[in-house]
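Everything on this sheet refers to the single structure shown next.
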């Protein structure tokens, strides 16, 4: 039996962590009673199918993806579940499983149908597949994140290379594959055969290019769709075979024997990353090892471990080993029943914009907040997310009704990472014609109470206190102080109990603390630090001209003018005068 390697950990504790992380149910899929949900209309299902076809067409055309693999898979699974509800829904699902393009675009007939793989998204899914003969002996390989390719050899000579296409016909990429190395163009054997594998781009080479491609797979798909290819880009490509079909034998060889022979012939070696497992524990550990590599690219620890292939991975593939086991399980028209891809999952959610609200910040800048259809993400209920800016909304064509892909940044802050489908132009126009007027260009601070900038003043007070790591004051308390006329300018915080005792050690203010509590718009941290080092007391800065301020590295003309005016304001002079 082949040895199971374990890079991440060997303890039972790691196994428990993995099961907890990967066994949870998918929060975004329809529930068991989704067919009874009268909110799901035929129009919504048609829109879902259209979204799937749109994003698939972008991928197959080599265009930059607009949503992640996880979000795309989520859409497909939701439509597949809804297809069980009615014949009309099933018809829309069928649209997405039909040939994605006409035969005229896929000119190379495959020697054998190139099927897709069934997918697992949790350990529970994988476990349901890992039964029978597989439970005692299964073959496991990393799932390389590239495109599937068939190479046809006639009497030992490479005659064609084609993408999967619709499974029966694929796009001709022979010219591109003829330039890929290592990839033998002539085999020692005079046999006629087909080699199946994954065309990928190595990550170190991809990162050195600094190209416009957003990922290694996007680069490979784009090159497959292009007519011309830069030599520097071709240099990044590798072909990893995973199957061999010999016309004379009329059958597929055992994977271990096939990979051994293909490696001997000069193909890239996938055999070194092929494992045989005989328990659920080994399967989980192997998944965890490759998942850790995929999430920790670039670290010294990962670069030194046996699981790092220098490639992007998106899961592991589990297969029956013996021809008898495969024959026993059989296959459907879409996928073999003897193999499954257990995919890595970045927690994502797909939801819809219900309303757009506009929030004014401390500097007067107006930013949109997207009120969304509540959705669960990593155990949290999310009902709103930042819309960044009106310009960003316009560039992404986001309005009420837009379907968005969300993920948690740093496992904490929800953010929009993709647009699944867009609303009509009227919804977009409505969103961008209801923007409240900004009370400031972002260059002026509200440092004293005024009904016209009450919210901004309260935010400025909270911001100033945070500079001293004092966070126990909320808006309600600030409003009470304002109502009692105890707080009219920012300088008043130093005389308000209990703040006076907490802030007394910081008086008189130095330049560093003053700049920190003001939070000057446009002044970067490094420039503020240089200014504070050169002029440690605020009185020094008040005597500087704009030209002298511009002489500080990192302070441009706009920031210099802003600082010059700011330090001459009465509210700032009151702060400096604190004793």
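Worth a mention:
- Ranked 183, 259, criterion: other C-beta atoms within 10 Å, fewest first: 183, 259
- The order of 512, 409, going from fewest to most other C-beta atoms within 10 Å of their C-beta, is 409, 512.
- Counting neighbouring beta carbons within 10 Å and listing from fewest to most, the residues 575, 209 come out as 209, 575.
- Distance between the 7 Å Cα→Cβ label points at residue 85 and residue 468: 5.7 nm.
- Alpha carbon centroid spacing (whole Å) that separates region 516-579 from region 311-333: 66
- Packing, as the average of other Cβ atoms within 10 Å across residues, places the peptides 51-58, 455-462, 415-422 in the order 455-462, 415-422, 51-58, highest first.
Since every read-out is calculated from the coordinates, none of them should be taken as a lab result. Nothing here was measured: the structure is a model prediction, and the numbers come from that model. Counting neighbours? That spans all protein chains shown, and the Cβs are built from the backbone with ideal geometry, glycine included.
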